[in-house]
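Taking it in order: structure first as structure tokens, then the write-up.
The values are calculated or read from the model by the stated rules, or taken from the named source; none is laboratory data. Quick caveat, the model's predicted, so the values are computed rather than measured. Backbone-built Cβ (ideal geometry, glycine too); neighbour counts: all protein chains shown. Surface accessibility is based on the protein's heavy atoms, side chains included, excluding ligands, DNA and RNA. Shrake-Rupley method; radii C 1.70, N 1.55, O 1.52, S 1.80 Å.
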Amino acid sequence: MTPSLDLFIFSDALGWKLAEERQFLSDLLPHRSPCETLLGYSCTCDPAILTGTLPPQNGHFSSFIYSPSTSPFQWARYLAWIPERLIGHHRIRSFISRKCASFMGITGYFQLYAVPFSKLHFFDYTEKKDIYLPGGINGGQEVIFTLWDRLGIPWYRSDWRAGDARNVVAMKNVLTEGKVRCAYLFTGGLDAAMHAHTTHGPEVDKAFSQLEQWIRELHQIAAKNYHEVRIHLFSDHGMTDTAAGSDMLKRFESLNLKFGEDYAAVWDSTMARFWCLKPGVQEKISLWLAQQKEGSILSKAQLEKWSCYFPDGRYGDLIFLLKPGTIFVPSHMSRHKVPAMHGFAPEDPTSTACWLSSHPTEAPRRIEQIYHVMRAAAEKVAQHTS
Ligand SMILES: [Zn+2]
């Protein structure tokens, strides 16, 4: 028997509130605490979890930024004539995203979402490299797996490109061998089910039951091969049901401002980010945004408090955040009203991430502190084997 296993299970969008409402796996994972998330999406949260650093340090906040001189999307100009209603279907978009990623040398998670082809060449993409691999973090930080490597412990990580079912099978095989001491399982099934169906309902119940079954099976297999099995289930953020759609994008675009000349903007699902390209434009946009009731402009103090203030304005000169439960319809992420979304104020109770563990570890209070638990677990193994 191998002495111990620390199995870290990442479950995208398993919010603290959802986990507690369902008492999800509370018998197996009795050490439970809320975990404060960051403003943004998985592209903000995951680099923080993997490195223990915050967006201003690691450089990861949102996917698209205004940067025409470095844009890898010059080719998109040639597709700009095709009506968006034809090319905008998410399946066609996903197909083009897959084909284009390798053409542009992008190895990280890449989606064109619903950014119009006519505007793509103004933007650069911030997750060009695979953030799970060495050298993938923009700020140059080492990810937890490189540290595990340096410590010389046997470890395994699942493939974020493969689906959950395949990753679970692969993890079962690894745990049956009983050699690794730290393992990281990536799951995205809950996130997908809740985006498609809201946070409740039969499809979401099914996704929760499936995850529960997998974790119990993994635990059983590990228990046969390890003296001590420590399972840690955690998330990057929660999930909020959509209560309303905002047509702000359409209303904004009917103002007398020229995209690419006066301003540029990325409309994420829950926040709009503006770059002001001419004198006086920032005042005009601010004035208009201040009149919109569905959200508010984030002040420098607010952005600093949420650890996402970039003094060089690389993610926008102005950021407007919607109230929890309201999403832009359309946005540059989706043309339709998605039933549930994340990326609201981190302190909203539905945004909170979770830490659920079989063992009393130093519970992370914020998602970037999950890195330190993964580090401590590996250091403990390395000390006892050296
Ligand atoms: Zn999501």
Query raised in the report: Using alpha carbon centroids, what distance separates region 293-307 and region 184-224, in Å?
Result: 33 Å
Query raised in the report: Tell me which lysines have Cα within less than 16 Å of residue 128's Cα, excluding those fewer than 8 residues away on the same chain?
Result: 99
Requested in this report: Mind checking which of 57, 34, 359 is farthest towards the positive end of the chain's charge dipole, using Cβ charges of +1 (Lys, Arg) and -1 (Asp, Glu) about the Cα centre?
Outcome: 57
**Report entry** For the chain, alpha-carbon Rg and Dmax in angstrom
**Finding:** 21.4, 70
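Fully extended, how many nm does the chain gain between residue 323 and residue 200 (0.36 nm per residue separation, minus their Cα-Cα distance)?
Numbers: separation 123, 0.36 × 123 = 44.28 nm, distance 2.07 nm.
Gain in length upon complete extension: 42.2 nm.
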Query raised in the report: When N is the residue count of region 143-229, what does its C-alpha Rg come to as a fraction of 2.2 N^0.38 Å?
Result: 1.23
Report summary line: Rounded to the nearest 10 Å², the 1.4 Å probe accessible area of residue 27 is 110 Å²
Query raised in the report: What's the center-to-center distance, using Cα atoms, between region 1-40 and region 240-267 in Å?
Result: 36 Å
Query raised in the report: Using alpha carbons only, how many degrees (0 to 90, rounded to 10) separate the axis of helix 281-290 from the longest principal axis of the chain?
Result: 70 degrees
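Pairs to check: 119/278; 250/337; 119/300; 250/293; 129/179. Give those whose C-alpha atoms are more than 21 Å from each other in this structure.
Details: 119/278 18 Å; 250/337 14 Å; 119/300 27 Å; 250/293 15 Å; 129/179 29 Å.
Table pairs above 21 Å Cα-Cα are 119/300; 129/179.
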Requested in this report: Tell me the label-point distance for the pair residue 118, residue 310, using the 7 Å Cα-to-Cβ offset, in nm and rounded to one decimal.
Outcome: 2.6 nm
Query raised in the report: Where does the chain land at 222 nm, in deg cm²/dmol rounded to the nearest 500, when only DSSP H runs of n ≥ 4 count, each adding -39500 (n - 2.57), divided by all residues?
Result: -10000 deg cm²/dmol
Report task. Might you tell me the accessible area per residue for the chain, computed with a 1.4 Å probe and given in Å²? Result -> 43 Å²
